[in-house]
Amino acid sequence: MLLGNLPPKFRSQLHCIQLVALCHSTTLKQNGFEKILDPLINDLQFLETNGITVSKHNIDHHFYGTVSVVIADNLGAHGIGGYMESFTTLGNCRFCFIDKHHMQTKYDCSNFNMRTPEMYNNQARLVQADPTLASVYGIKRSSTLNKLFSCCRWNAI
């Protein structure tokens, strides 16, 4: 995690990046992203809504915060975003609806319908009702990050 309102030259320095969470893959598989991330999500929701007050030189400064982006490799981004982690499914792109056949030859999301938060939420609901649709839509569940922001908006993951 880093503070987005710092100048870029400071944001890119390793000592400015703070580890938010760390867990073993077996723990993640046993418990799922929601259980692992819920304490962080609750803290971030509090920070968004209430903020924190910091006193410096007898002057109170009130700050709010939020998550603007999640950095992950492709597999991690799919996992935390609720997308299928097998890249052999029909809809395996988290940005658009390119099919796996075109991905090999015409990979350019601008030529395909982009995923929207509304589509994502609708498809996650459909998959929850009928899990066999997961391989069609490329979504296996709604992401717990949707409690903070839409995983589909602004390529946030």
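A short reminder: the numbers here are calculations on the coordinates, not readings from a lab. What you see is a predicted model, and the numbers here were worked out from it, not measured in a lab. Cβ: placed from backbone, ideal geometry, glycine included. Neighbour counts: every protein chain shown.
Okay, here's what the table says:
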{"item": "Residue-count net charge about ASN92 - beta-carbon cut-off 10 Å; Lys, Arg +1, Asp, Glu -1", "result": "0"}
{"item": "Taking segment 72-143 and dividing mean pair separation by its residue count, relative contact order in percent (alpha carbons under 8 Å, at least six apart)", "result": "37 percent"}
{"item": "Label-to-label distance, nm, for residues given as ASN113 and LYS9 (7 Å Cα→Cβ offset)", "result": "4.7 nm"}
{"item": "Computed log₁₀ I(q)/I(0) - Debye formula, equal Cα scatterers, no solvent, the chain, q 0.09, 0.20, 0.21 Å⁻¹", "result": "-0.37, -1.35, -1.42"}
{"item": "Relative contact order computed over the chain (Cα-Cα under 8 Å; 6+ residues apart), in percent", "result": "21 percent"}
{"item": "Separation in nanometres of the label points that stand 7 Å from Cα toward Cβ, at LEU28 and TYR64", "result": "3.1 nm"}
